[in-house]
Amino acid sequence: MNHDLYLITGATGDTGGAAITALLSKGARVRALVHRDDARASALRARDVEVVVGDLLDSRAVQAALQGVTGAYFVYPVTQARLIDATAYFAHAAKLAGVRSIVNMSQISAKVDAQSEAALAHWYGERVFDWAGIPVTHLRPTFFMEWLTYGFQLPSIANDDLLRVPAASGRHAPIAAVDQGRVISSVLLDPAPHAGKTYPLFGAEEMDHEELAQAVGRALGRPIRYEAESLESFEARLAQLGLPEHFIQHIVSVYRAYQAGEFAGTNDIVEQITGQKPMQVRDYVIANLQLFQPEVVE
């Protein structure tokens, strides 16, 4: 029996939850770091996951969470600032605890001259992990499939049959969290071949948003229309929704980069690492059909 223990941060989020499922399916022992001891934490315990409560910005909590851990997955909420602080706390605590490998969730727009403050922080976060000297693998995914279900997209798709974002004619290959979770699990369980690598992660099919709307519509059995929104309109809409300024600055900058082609491309890294092709948009929508149904007004 493998007695190694793996720490998953963001354990109740998309990629963290998927990584836990993938690790458990392979018989691994998992410790989950969660922000709150709520029903989601109880559900993890029911699956024999060890749950610790803490914040990535609490250095003492991070040190406690990493004690006795073999490998760890680090992911930080894109809606929050202070990513570099959290990365430094995590890298230091991992070094103290003798952690043997880290999988770091970065993003495809991470670069030294990124206009997005969050993307720039991801680039520096990668460097912090590199400097720490612990074998690390950086993941740089394109837009998640899950973005279709986020609050600035889902209501218009569900209620108005409209996909409206400032994507212009940019292209990407949407990648589902479940596929990223399998990559994270595979790298944690066999880190040596991946140490020091940076992996751009793409889904099964590259498409523009016209094609994305058509794929969603085919899965739903009703036509979905794409409307290219201006960056200014998008920024105002996000502010109206009450989203944090940090996130708004990031996502507007990201869509500007998206329009310039920075999210385009495909590769077979997911299949190489996991032995399984990534999920298609159609399969994702069908798996989450209920989310895309119109609200019933009584």
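The values are calculated or read from the model by the stated rules, or taken from the named source; none is laboratory data. Just so you know, these numbers come straight off a predicted model, no measurement behind them. Here the Cβ is made from the backbone with ideal geometry for all residues, glycine too, and neighbour counts use every protein chain on show.
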For this session: Please identify the pairs in which a residue from segment 137-162 that is among the acidic types (D, E) has its Cβ atom under 6 Å from the Cβ atom of a residue that is surrounded by 20 or more Cβ atoms within 10 Å (Cβ to Cβ) and not in a helix (DSSP H, G or I), counting only partners at least 6 apart or on another chain.
Result: D161/I224
Problem set entry | 2 or more residues over 30 Å from Q240 (Cβ atoms): qualifying helices (runs of 4 or more DSSP H) within segment 101-217 | 117-132, 177-189
Seminar exercise, completed: Exactly one of V128, V112, V99, V69 is touching a Phe, Trp or Tyr at 6+ places or on another chain (Cβ under 6 Å) and farther than 30 Å from L291 by Cα, and that one is V112
Problem set entry | First in segment 193-219 and surrounded by fewer than 20 Cβ atoms within 10 Å (Cβ to Cβ) and at pLDDT 95 or above, second anywhere and of a type in the set (F, W, Y) and not in a loop (DSSP other than H, G, I, E, B), Cβ under 8 Å, 6 or more apart | E210/Y226
Problem set entry | Subset of segment 272-298 [part of a helix (DSSP H, G or I) and more than 18 Å from the chain's Cα centre (by Cα)] | Q272, R282, D283, I286, A287, L289, Q290, L291, F292
Exercise. Does E235 satisfy the condition of being acidic (D, E) and not in a helix (DSSP H, G or I)?
Worked result: no
Exercise. Do we have any residue at all in segment 290-297 that's at pLDDT below 95, within 17 Å of L163 (Cα to Cα) and acidic (D, E)?
Worked result: yes
Seminar exercise, completed: Within segment 238-263, of all residues that are of a type outside the set (D, E), more than 17 Å from the chain's Cα centre (by Cα) and not in a helix (DSSP H, G or I), the one nearest to K197 (Cα to Cα) is G261
